1. Rg/Rh for region A:89-217: what does it come to with C-alpha atoms and Rh from Kirkwood?
2. How large is the Rg to Rh ratio of region B:41-133 when both quantities use alpha carbon positions and Rh follows Kirkwood?
3. Just how many % of Cα pairs in the protein assembly as shown lie over 35 Å apart, if you round to the nearest whole percent?
4. How do B:TYR91, A:TYR73, A:TYR30 line up, fewest other C-beta atoms within 10 Å first?
5. Find, to one decimal place in angstroms, the Kirkwood hydrodynamic radius of region B:7-79, where the mean of 1/r is taken over every pair of different Cα atoms and then inverted.
6. Specify the inter-centroid distance of region A:53-128 and region B:1-49, based on alpha-carbon positions, in whole Å.
7. Output wanted: per-residue J couplings in Hz (rounded whole) for region A:57-68, from phi through Karplus 6.51 cos²θ - 1.76 cosθ + 1.60, θ = phi - 60°, x for Gly and Pro.
8. Taking the number of other C-beta atoms within 10 Å as the exposure measure, put B:MET23, A:MET47 in order starting with the fewest.
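What follows draws every value from the coordinates through simple rules; no lab data is involved. Values in this document were obtained by computation on a predicted structure and should not be read as measured data. Cβ sites come from the backbone with ideal geometry, for glycine too, and all protein chains shown count toward neighbours.
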Amino acid sequence: MVEEVILLGYWASMFGMRTRIALEEKGVKYEYREEDLSNKSSLLLEMNPIHKKIPVLLHKGKPICESIIQVQYIDEAWPDKNPILPSDPYQRAQARFWSDYIDKKTYGPCKALWSETGEKQEAAKLEFVEVLKTLESELGDKSFFGGNEFGLVDIAFIGYYSWFCTYEKVANFSIVAEFPKVISWAKRCLKRESVAKVLPDSDKVLKSISEYRKIILGIH
Amino acid sequence: MAEKEEVKLLGIWASPFSRRIEMALKLKGIAYDYVEESLDNKSPLLLALNPIHKKVPVLVHNGKAILESHVVLEYIDETWKHNPILPQDPYDRSKARFFAKLVDEQIFNAGFVSMTKAEQQGREDLAEQTRELITYLEKELVGKDFLGGKSVGFLDLVAGSMIPFCLERGWEGMGLQVITDDKFPEYKRWVKNLEKVESVTDCIPPKEKHIEHMNFMVGRFRSS
């Protein structure tokens, strides 16, 4: 019997990217449905009535919401291939801590970086730079955040890489120059089939945000 | 040769985030040293173990620090496997994690943080928002003794430490009636069930002192 897996997402969402990467890592067959965020589908609203947000993962008709929760679900429901969390409880705690850190500390600033101007944008930039400093330090000389193996924290953050050019352009700063370890980590992640398949072109993200800023914020 | 496991918990008596860890340790029968921290005078140990967030709870196990209450609860469950607090089934686990996040983020924000900064009408509106969110837990409780099913689980510890044994004290101090008897019969039944569990009741902050503390926190949040 084919297990029906459906993912409701949005092409530029780094949250949706996490869940897609996890599904790809496990070789799970799934149907991806692109949502129009200005006209959300009735399925999305029915399956995520509390938050009404993407991504929504449906497995055998049952919804799982929140991207990090979805990634852990995927790891537990398909345990036989490419483990996403390590087996040691302390290492698992570290992985959960850092993915929680990324969520807590980037959500607000990253949104403000592309949707705001002036002081609000500047404050967001400073907050995001602090996160990058912390992650650069945490990465150290490791190949991935968990050590030698690609895992939860890498999945949690790699989607942001497709937004780096956009942040650099709209907020006028350089991530490439200041955070070499994060950049080489990202390139290492991109060598994985799952990541290469899922991440959108950075240019496409930049174009979309530039359009938004032109039309909504009047910035050319 | 059995080594004595060194378990230490840095916490604050009034914090639901650290109280839930005490409940979990008690449920599992794990011996631990408790270190009471102060909001305004954080110990060098706390700042060294949690430099990023500088918050309690911090669990130290055999010299290694585990941070963030949900992460600590899952660590405890995976390290001491008897009396499990998370469900076995991946879907049930995802639901428990989802609702735990709802409690600590949306319910905590609407039900306390935002309320502290609002005036009377604003607080009434937020109380209504909070009721809508708690209704989701009300639905989950139908036909169950606890959110975890037959026994206290991960979500009971998170929601229990936060709502009846923390937020309700804050609401009493603010003069707000949020959980009405008529709309939340399952919730009321659940709280009565929790009050029969020693590992839970042993770890609840004393009520009057807690109401006083919550009033103090209202002032603190307001001026921040």
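1. 0.97
2. On the way: Rg = 17.2 Å, Rh = 15.8 Å.
For region B:41-133, the value is 1.09.
3. Numbers: 32401 of 98346 pairs.
When all Cα pairs of the protein assembly as shown are counted, 33 percent exceed 35 Å.
4. With the sparsest Cβ surroundings first, the list reads B:TYR91, A:TYR30, A:TYR73.
5. Numbers: mean 1/r = 0.0831 Å⁻¹.
It is 12.0 Å.
6. What the calculation gives is 27 Å, centre to centre.
7. 9, 10, 10, 6, x, 9, x, 10, 10, 6, 4, 5
8. Details: B:MET23 27, A:MET47 19.
Ascending Cβ contact count within 10 Å gives the list A:MET47, B:MET23.
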